[in-house]
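I have placed the structure first, in the form of structure tokens, so that the comments after it can refer back to it.
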Amino acid sequence: MHILKLIFKNMLRHKLRSFLTVLGIAIAVMAFGLMRTVISSWNSGVEASAANRLVTVHAVSFIYPLPLSYQDQIAKVPGVRKVSFANWFQGIYKDKDQFFARFAVDPDNFFDLYPEVVVSPKEKEAMKNQRNGCIIGAKIARTYNLKIGDLMNIDGDIYPGQWQMQVVGIYHGRDETSDETWMLFNWHYLDEGLKQASPGRAGQVGWYIVDIGDPNQRAAISAAIDNLFTNSPAETKTQTEKEFNQSFVSMSGAILTAIDVVSFVIIGIILMILMNTMVMTARERIREYAVLKTLGFSSSHLVSLIGGESLLISSIGGALGVAITFPITSGIHKVVPPQWFPVFNLETMTVVLAAASALLAGVLAAAFPATRAVQTKIVDGLRQIG
Amino acid sequence: MSLVSVQNISKSYWRDSQEIRVLTNISFDIAEGDFLGLMGPSGSGKTTLLNLIAGIDKPTKGSITVSSTDISKLNESELAKWRARHIGFVFQFYNLMPVLTAFENVELPLLLSKLSKKERREHVEFALQIVGLGDRVHHYPKQLSGGQEQRVAIARAIVTDPTVLVADEPTGDLDKVSAEEILKLLERLNTEFKKTIIMVTHDPRAAERAHKIRHLDKGELS
Amino acid sequence: MKIPLTYTLKSLWTRKLTTTLTIGGISMVVFVFAAVLMLAYGVEKTLIETGSDENVIVIRKAAQAELQSQIDRDAANIIKTLPELAATPDGKPFAANELFVLINIFKKGSGDMGNVTVRGITSESMLLRPQIKILEGKMFTAGTSEIIVGSSIAKRFQGCTIGERLKFGGNYWTIVGVFDGNGTGFDSEIWGDVEQMLPAFGRPVFSSLTFRLKNQSDFDALKTKIESDRRLNYLEIQHEKEYYAEQSRLMAIFIRVIGTVVSIIFSFGATIGAMITMYAAVANRTVEIGTLRSLGFRRRNILAAFLIESVLIASLGAAIGLFTASFLQLFVISTVNFGTFSELAFGFTLSLAVIKYTAIFALGIGFIGGFLPAVRAARLNIVNALRAS
């Protein structure tokens, strides 16, 4: 026999209690994993941003457009390799709740700047040549059951009017963290529509995307771009794509913080459940611990006995929790609309954190009962009944 | 040369800033191979005295020497190690681990030694044979009778071949027949295996088995 | 014959640590549950109360909010002269044509910029929203580049106190007052003269028109009238309250969905926690239960005693959780309003409904968690129970 066997047998002594504790921990660990996944999903745009891309927007707010003429001027700034642009088109597809991202993009080189958007050259060509051609993400194609050749009617809000696009391509993300919920269409289609409806708004782009070869030059290049337009009617603000995406995330920061706090409250709950079990268990066995001491077992033996049981329960609970997190996250991803969480992956870091918090709870939960078992005098322990 | 030497020990407890004297200036010796019975009414301090000799409690004053080690000077962990080597304890309520089989219960103290698995098994089987339970090796405590449980407890106490075997009311919870068997077993351990035994009891029939009897009354030896 | 409550209380007291841990666990769960409800309620309250029952808002049909909406001056003037509109005390149409734009301002305490709503208003705007009070300073003077800022803007953004100047729309604007919108979304806005702002932002058109009807019952007739008028049929009229309720819908749904998922998962955890404690309580008191039964207590008395114990634990947890959560009301948090992209400040708001739902939630945990253990206690056989040690 080994001391491990005693730990194991002790755990099986109150099968129902141990089972409930394991279940409680598993549920809490799963909740933790889920919360962290929501947060990482939200941050996925920031994580996925490329270091070599800068974004130039209007200095007052990104909702104001910039003149198309800036493209050539920015392209001349030393260190800039390519400049592309896009407009936030929005509009209403079917009804107001279908809010995936819709952009009018520069058909000439938008895809050169976004290697994570994987689409065949033929489809790119099709979008360039067909004024109302659009390329949609694979998830959007799946959700709305769209295929190449289908028409999409969009009711313009920022850009009033009825717009009809035809799907000429479907793109895939380069990796799991790439957003597959965009709709990209030829910017010239938008511009021509505006020339007729409201000529004052034609020839304008929402923001520029600037490819710089060397990410280390970003500060200097950003400053150089912004300097070009100082004191012009449309001053610019250039930042890295990461900062740009971060500013969107931080706008909803409060909710993220709330979820963050909740996820740590969960660790507290795991601790409470486990500690309760360990305290009850250790109290019932005070007499046994005293007997073990009379047999010559030392304090460290008792600590490993109690700690071992606590860790055993928490690791089983943690493992079970992690195991059920996988099907549950993918289940949730399937159920909620894709645009809510364009990317919803259980990250390795989340799994590690979840497992680590279960183990940490295992150690902490044993601390108090183990201290009490060690400090109880043998004679007092023996006198204890039951 | 005595095996156990108790010199001038006193023991008091403090309860609500009031001192309760349990033992006062007690001295006596126990020679190797003795079978000593400690008798006395309830509250006379006999269990306390036994606990002091077994090293699970410490005297307020005085010293206890067991085979030339002054155990009142040992610290907590030295004492634990010392107990594992020198003391075999038999309790009134057996105190077996309910989740372990007879074999595993007896094996427990050997886990603290450096014996190999095979050696441990030999020791355990031998001890269980001595107490006459060679056929109950894989039974759990709740599948045994009171007398059998106590015999497992005795096997657990002797499996390490301790210097001293201490027993606190070993027959206190048993019927007459079982009690008789346990006493016979203790006697045999004393005569056949030369174990030094200290037994606390208030049962005169139990005390008859001992070679020597000391009486405790109100914390003093008579 | 009932088992006295003191028995239950003393039993809880003897197992202080276990009782405390269970109460602690349940209070954390209750805290999270209450916080989610308070958050959803806070968002709704802020946005819904922004709209008034009496006001009607006109925006362009396809626009989801004022941000994307445009109304040209002619259309606004036509609507203003419609007979269904009420009149102000000095005889003018009870209507305000407003501009709604976003600007970026640095937030206090961080390098982040936030989107702030700038609203160009007319003198009728203040009449339409009587809840707006000038807290400090004065109202801006029409025809100048003076502005007033909402109380939550003054608190959370840099350079937004009286006397400071903000640069936007190619102009400098001087802050002359801070106003309080009584917890509505207006607290997160900056207001100035619409006729000064239109040229500054280079906008020829308004964003919205808000007005008051003579009779509320005229709404449907007016709606038909506007839809059938070729000069106006690109517009849509809505009750202001419904317009703002729609703005809060997405965010409230989002919080609710996340909150419901969290609550369901958490309630499982808490119920299990209560169950563990109660099963242990039954196991430790087997002899006591046997004794009580032999004294003449019935099975249902035992069942009731353990259920009461469990519900008591949950109630204490609920009280602590709610008490702690009520302090969240001290925090104002801001998030982006998905409808307008602008920052919106709102608080966790406690309401009777929140308290009620939280209490039901906690009592449910106590009852369900305690039920199976109580049944086990009630079903114990007297003789066996007495023999257990």
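For the subset of the range B:87-124 comprising residues that are closer than 27 Å to B:G37 by Cα and of a type in the set (A, V, I, L, M), which member is modelled with the lowest pLDDT?
Restricting attention to the range B:87-124, the residues satisfying the condition of being closer than 27 Å to B:G37 by Cα are B:87-96, B:105-106, B:109.
Those still in the list that are of a type in the set (A, V, I, L, M) too: B:87, B:90, B:96, B:106.
Numbers: B:I87: 90, B:V90: 91, B:L96: 85, B:V106: 92.
Restricting to residues being closer than 27 Å to B:G37 by Cα and of a type in the set (A, V, I, L, M), the top hit is B:L96.
How about the range B:1-113: which strands (runs of 3 or more DSSP E) wholly inside it have at least 1 residues that are more than 9 Å from chain A (Cβ to nearest Cβ) and over 23 Å from B:D203 (Cβ atoms)? I'd like the intermediate steps shown before the answer.
Working: elements: B:4-15, B:18-30, B:35-39, B:61-66, B:87-90.
Result: B:4-15, B:18-30, B:61-66.
Assess whether A:V168 counts as being buried (at least 16 other Cβ atoms within 10 Å of the Cβ) and either in contact with a Leu (Cβ under 8 Å, 6 or more places away or on another chain) or within 14 Å of chain C (Cβ to nearest Cβ) (or both).
Numbers: buried (at least 16 other Cβ atoms within 10 Å of the Cβ): yes; either in contact with a Leu (Cβ under 8 Å, 6 or more places away or on another chain) or within 14 Å of chain C (Cβ to nearest Cβ) (or both): no.
When the stated conditions are applied, A:V168 does not pass them.
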Can you work out which of the residues in the range A:7-19 that are buried (at least 21 other Cβ atoms within 10 Å of the Cβ) and of a type outside the set (G, A, S) is farthest from the other protein chains (Cβ to nearest Cβ)?
-> A:M11
Considering residues of the range A:172-199 that are within 17 Å of A:A86 (Cα to Cα) and of a type in the set (S, T, Y) only, the residue farthest from the other protein chains (Cβ to nearest Cβ) | A:Y189
Is it true that some residue in the range A:324-332 is farther than 20 Å from A:W42 by Cα and in contact (Cβ under 8 Å) with a residue 24 or more places away in the chain?
-> yes
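Please find, among C:A270, C:A345, C:A274, C:A280, the residue that is touching a strand residue (DSSP E or B) at 6+ places or on another chain (Cβ under 9 Å) and either within 14 Å of chain A (Cβ to nearest Cβ) or of a type in the set (D, E) (or both). Spell out how you get there, then give the answer.
On the way: C:A270 fails: touching a strand residue (DSSP E or B) at 6+ places or on another chain (Cβ under 9 Å); C:A274 fails: touching a strand residue (DSSP E or B) at 6+ places or on another chain (Cβ under 9 Å); C:A280 fails: touching a strand residue (DSSP E or B) at 6+ places or on another chain (Cβ under 9 Å).
Exactly one of C:A270, C:A345, C:A274, C:A280 is touching a strand residue (DSSP E or B) at 6+ places or on another chain (Cβ under 9 Å) and either within 14 Å of chain A (Cβ to nearest Cβ) or of a type in the set (D, E) (or both), namely C:A345.
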Out of all the residues in the range A:68-91, is one or more surrounded by fewer than 19 Cβ atoms within 10 Å (Cβ to Cβ), modelled with pLDDT of 85 or more and within 13 Å of chain C (Cβ to nearest Cβ)?
-> yes
Which listed residue, of A:A202, A:A258, A:A282, A:A223, is of a type in the set (A, V, I, L, M, F, W, C) and in contact (Cβ under 8 Å) with a residue 60 or more places away in the chain | A:A282
Quick one: which strands (runs of 3 or more DSSP E) sit completely within the range A:124-215 and have at least 2 residues that are under 25 Å from C:V205 (Cα atoms)?
-> A:151-156, A:161-173
Can you pull out the helices (runs of 4 or more DSSP H) entirely within the range C:140-245 that have at least 3 residues that are of a type in the set (D, E) and crowded, with 21+ Cβ neighbours inside 10 Å?
-> none
Could you say which residue among B:V99, B:V66 is within 22 Å of A:G296 (Cα to Cα), within 19 Å of the chain's Cα centre (by Cα) and surrounded by 18 or more Cβ atoms within 10 Å (Cβ to Cβ)?
-> B:V66
Condition set in contact (Cβ under 8 Å) with a residue 24 or more places away in the chain and assigned to a loop (DSSP other than H, G, I, E, B), scope the range C:123-139, selection surrounded by the fewest Cβ atoms within 10 Å (Cβ to Cβ): answer is C:K138
List pairs: first in the range A:107-121 and hydrophobic (A, V, I, L, M, F, W, C), second part of a helix (DSSP H, G or I) and buried (at least 21 other Cβ atoms within 10 Å of the Cβ), Cβ under 8 Å, 6+ apart or cross-chain?
-> A:F111/A:K124; A:V117/A:F111; A:V119/A:F111
Restricting attention to strands (runs of 3 or more DSSP E) lying wholly within the range C:15-122, give those where 2 or more residues are free of Cβ contacts under 8 Å to residues at least 60 places away in the same chain.
-> C:95-106
Number of the exception - A:L292 against (1) more than 14 Å from chain B (Cβ to nearest Cβ); (2) modelled with pLDDT of 85 or more; (3) more than 17 Å from A:A355 (Cα to Cα) = (1)
Taking the range C:1-14 and keeping residues within 14 Å of chain A (Cβ to nearest Cβ) and free of Cβ contacts under 8 Å to residues at least 60 places away in the same chain leaves C:T14
Of all residues in the range C:57-78, which are more than 10 Å from every other protein chain (Cβ to nearest Cβ) and either more than 34 Å from the chain's Cα centre (by Cα) or closer than 16 Å to C:L198 by Cβ (or both)?
-> C:E66, C:I71, C:D72, C:R73, C:D74, C:A75, C:A76, C:N77, C:I78
Going through (1) in contact with a strand residue (DSSP E or B) (Cβ under 9 Å, 6 or more places away or on another chain); (2) in contact (Cβ under 8 Å) with a residue 24 or more places away in the chain one by one, C:E227 fails only at (2)
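The values are calculated or read from the model by the stated rules, or taken from the named source; none is laboratory data. What you see is a predicted model, and the numbers here were worked out from it, not measured in a lab. Don't worry about glycine lacking a Cβ; one is built from the backbone with ideal geometry, like all the others, and counts go over all protein chains shown.
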